[in-house]
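Everything below concerns the one structure shown next.
The values are calculated or read from the model by the stated rules, or taken from the named source; none is laboratory data. None of the values given here were measured: they were computed from a predicted structure. Cβ coordinates were reconstructed from backbone atoms using ideal geometry, including for glycine residues, and neighbour counts include every protein chain displayed.
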Amino acid sequence: MPELPEVETVRAGLEGLLKDAVIVRVEPHRSGLRRPFGDLSALSGPVRAVRRRAKYLLIDAAKATLLSHLGMTGSWRIGDAPRAHDHLTLHLADGRRAVFNDPRRFGLAALLDAAGHHPVLAGLGPEPLDPAWDGAALRVALRGRKAAIKAMIMDQRIVVGVGNIYAQEALFRSSIRPQRPAGRLDLAACHRLVAAIKTVLNEAISVGGSTISDFVHAGGGTGLFQHRFQVYDRGGQPCVICGAALRRTAIAGRTTCWCPRCQR
DNA sequence: AGTCGCCCCTGGCCGC
DNA sequence: TGCGGCCAGGGGCGAC
Ligand SMILES: [Zn+2]
């Protein structure tokens, strides 16, 4: 579910709900997800901010920072009744509860270390919406790479935040065939692709991301960008530009749709 | 080193 | 209706 626009939407919602609230108790409902939670008790204290890095949320409390990844099905909500797959509850001084729920348990929750680091953050590539990330930077990162360009822009060491939806949408908008060997994109193509990635991510953020089946904002709302998909999950349907039937294949194990006429 | 396949896990949907 | 197979927004790991 959550790529950069969805995580950014959750970040903004959570910050509005949690900023200046005081965490009085952290209650795990299991020992961990794909990794152990570890000792989360140092999170108790006032929430200063909620940040995002790549697809990770960082909840800054006074003495510690909680790192949270939504995996495919994770969500945060201000808790009402308990639900199946609730894994972590932050009890607040005002009586509210912030609850992390994740049916597939591909997510992550852990504290940053004293230096503000965590192994999963090491080695992450540039933020796609950073003005310093441009076509020239992408071209350097792709030099000599023979893997498909779509796999490369989904590789979080090349650029962060782009997943299976926005990779397909950005490649369509920049007229690049997803399976093209990444190292063979010229500078003009890299510029077009970077511009398309920035545009599609910003558009998606502006409408609260995409809701496929279960993605919800921290406040319970849904995204709207799914109504603007031009290729994602549209295999066999007509291209919105030329009318050709969109193709569907797998690239690096992930379903990919593209237009055989518009994308080269 | 780079690339690929598999695996983690639950649930929804489709065809029989 | 029930059940098996397939698929899903991510990412880490081992094997070539
Ligand atoms: Zn087309």
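Of the residues in the range A:243-264, how many are part of a loop (DSSP other than H, G, I, E, B) and touching a Ser or Thr at 6+ places or on another chain (Cβ under 8 Å)?
Total satisfying the criteria: 3.
Only strands (runs of 3 or more DSSP E) wholly contained in the range A:1-95 count here; list those with 2 or more residues that are surrounded by 16 or more Cβ atoms within 10 Å (Cβ to Cβ), touching a residue at least 60 places away in the same chain (Cβ under 8 Å) and assigned by TED's automatic domain parsing to the domain that holds A:A109.
A:22-28, A:75-78, A:86-92
Which ones in the range A:96-132 are part of a loop (DSSP other than H, G, I, E, B) and within 16 Å of DNA strand B (Cβ to nearest atom)?
Within the range A:96-132, A:D102, A:P103, A:R104, A:R105, A:F106, A:G107, A:A122, A:G123, A:L124, A:G125 meet the criteria.
Which residue is farthest from A:M154 (Cα to Cα), if the candidates are limited to the range A:232-259 and must be away from DNA strand C (no atom under 16 Å from the Cβ) and crowded, with 17+ Cβ neighbours inside 10 Å?
A:C239
Being more than 18 Å from A:R234 (Cβ to Cβ) and not polar (S, T, N, Q) is the filter here; which residues of the range A:197-214 pass it?
A:I197, A:K198, A:L201, A:I205, A:V207, A:G208, A:G209, A:D214
So that you can scan it fast, the table gives a plain yes or no per residue for (1) within 13 Å of A:F172 (Cα to Cα); (2) modelled with pLDDT of 95 or more; (3) over 18 Å from the mean Cα position of the chain (by Cα); (4) away from DNA strand B (no atom under 16 Å from the Cβ):
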{"site": "A:A188", "(1), (2), (3), (4)": "no, yes, yes, yes"}
{"site": "A:L193", "(1), (2), (3), (4)": "yes, yes, yes, yes"}
{"site": "A:A196", "(1), (2), (3), (4)": "yes, yes, no, yes"}
{"site": "A:S206", "(1), (2), (3), (4)": "no, yes, no, yes"}
{"site": "A:T222", "(1), (2), (3), (4)": "no, no, no, no"}
{"site": "A:C242", "(1), (2), (3), (4)": "yes, yes, yes, yes"}
{"site": "A:R254", "(1), (2), (3), (4)": "no, yes, no, no"}
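Output the residues belonging to the range A:180-191 that are over 16 Å from A:D130 (Cβ atoms) and crowded, with 19+ Cβ neighbours inside 10 Å.
Correct list: A:A182, A:L185, A:A189.
Determine which single condition A:D233 fails, assuming it passes every other condition in (1) charged (D, E, K, R); (2) within 14 Å of DNA strand B (Cβ to nearest atom); (3) assigned to a helix (DSSP H, G or I).
The number of the failed condition is (3).
Would you pick out the residues in the range A:206-231 that are away from DNA strand C (no atom under 11 Å from the Cβ), of a type in the set (S, T, N, Q) and surrounded by 14 or more Cβ atoms within 10 Å (Cβ to Cβ)?
Passing the criteria: only A:Q230.
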